[in-house]
Amino acid sequence: MLIRDLMTTPVTTVTPVTLISAALQLMDDAKITALPVVDRRDALVGIVSEADLVEDENLIGDRVPATVLKIPGPTPPRRVADVMTHLVVSVGPHEDLEAAIDLMRQTMVKSLPVVEHNRVVGIISRSDVIHLLAGRDRRVQTEVADLLHAESPDWEVQVQDGIVTITGPADPHERHLAEVLTGTVRGVIGVQINRLSSRVMDGQPSTGT
């Protein structure tokens, strides 16, 4: 699977001059935890997370240190440029999803902007990946079973972490066809084929011997 297959697009972005209060509202409205920061050409110049914004809001709220309160004159509105991360880790839409997952593990970032031709075209988050992995095995099992049962009702299908184990007829042609069909399902990482016991195929329970 490629990153473009999972990324959120169009992506909600802000600019360096966006007010922090406006950025917080955008996050709340879109139910997201990070916003890519772009310039006038939609080029990526930074990223701001909910933690960045909340920490800043705390500084200008009731918990402002007394030394800060003593500064004369009105407090200017805080902007995204004041709190954003400038060195951003990003990925391309045509990269493999596994590369994005590895990058999240290595850098501990929760969101990765997706950039193509120097423009932000999407974003992928850790929650996107978790949601995908949680539902992938169930979806793969259903799709593989539907395909194989259209050929023979004797096939049994199990899926774990994208590895599909199919158990069924011993006929080499049927086994090859089952392997090919299984491999066409999106999300399948590997295929293992087991031979179904002849006693099970005759309607008798297998004893495991």
For this session: Tell me, yes or no, whether region 160-167 has at least one residue that is outside the structural domain of Glu50 (by TED's automatic domain parsing) and assigned to a loop (DSSP other than H, G, I, E, B).
Result: yes
Over region 73-122, the set of residues under 16 Å from Asp52 (Cβ atoms), part of a strand (DSSP E or B) and either polar (S, T, N, Q) or more than 14 Å from the chain's Cα centre (by Cα) (or both) is Arg79, Thr85, Ser111
Within region 131-166, residues small (Gly, Ala, Ser) and within 26 Å of Lys110 (Cα to Cα) come out as Ala134, Gly135, Gly162
Of the listed residues (Glu156, Glu143), the one being touching a residue at least 12 places away in the same chain (Cβ under 8 Å) and in contact with a Ser or Thr (Cβ under 8 Å, 6 or more places away or on another chain) is Glu156
In region 25-54, residues that are of a type in the set (Lys, Arg) and out of contact with any strand residue (DSSP E or B) (no Cβ under 8 Å at 6 or more places or on another chain) total 2
Per the filter on region 168-187, residues acidic (Asp, Glu) and either farther than 26 Å from Glu98 by Cβ or part of a strand (DSSP E or B) (or both) are Asp171, Glu174
Over region 123-150, the set of residues within 18 Å of the chain's Cα centre (by Cα) and among the small types (Gly, Ala, Ser) is Ser125, Ser127, Ala134, Gly135
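The values are calculated or read from the model by the stated rules, or taken from the named source; none is laboratory data. Please read these numbers as outputs of a predicted model, since none were measured by experiment. No Cβ is skipped: glycine too gets one built from the backbone with ideal geometry, and neighbour counts run over all protein chains shown.
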